């Protein structure tokens, strides 16, 4: 499993739904959706700032998370959805160190 952070914005259509039913639990909805692709919702928060929400998802791979993006954006309720994947910096730096040993810069 890989960890992904998903951030996005609600559309006016979604805000109309919130006003109509203020008690709906979007974290529960996001958790159920995550389960459909074998993922687990670790956290879901409504936030202030550039995005309206952020979720942490443990998913099998990027493609699974991208499929969730496709579903929620197609619903017309979410826009500007961004997926960030957590990475292992030590592994990246180790690979970069190996690559640097064989790199010849332009002269």
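Can you spot a residue in the range 82-99 that is loosely packed, with under 10 Cβ neighbours inside 10 Å and either part of a loop (DSSP other than H, G, I, E, B) or touching a helix residue (DSSP H, G or I) at 6+ places or on another chain (Cβ under 9 Å) (or both)? Looking through the range 82-99, at least one residue is loosely packed, with under 10 Cβ neighbours inside 10 Å and either part of a loop (DSSP other than H, G, I, E, B) or touching a helix residue (DSSP H, G or I) at 6+ places or on another chain (Cβ under 9 Å) (or both). Within the set 38, 76, the sole residue that is farther than 25 Å from residue 15 by Cβ and touching a residue at least 24 places away in the same chain (Cβ under 8 Å) turns out to be 38. Considering only residues in the range 52-73 that are without any contact (Cβ under 8 Å) to a residue 60 or more places away in the chain and buried (at least 17 other Cβ atoms within 10 Å of the Cβ), the one that is nearest to residue 9 (Cα to Cα) turns out to be 52.
Would you confirm whether any residue within the range 14-36 is outside any helix (DSSP H, G or I) and touching a strand residue (DSSP E or B) at 6+ places or on another chain (Cβ under 8 Å)? No - not one qualifying residue is present in the range 14-36.
Values in this text are rule-based calculations from the coordinates and carry no lab data. Just so you know, these numbers come straight off a predicted model, no measurement behind them. As a convention, Cβ positions derive from the backbone with ideal geometry for all residues, glycine included, and neighbour counts pool all protein chains shown.
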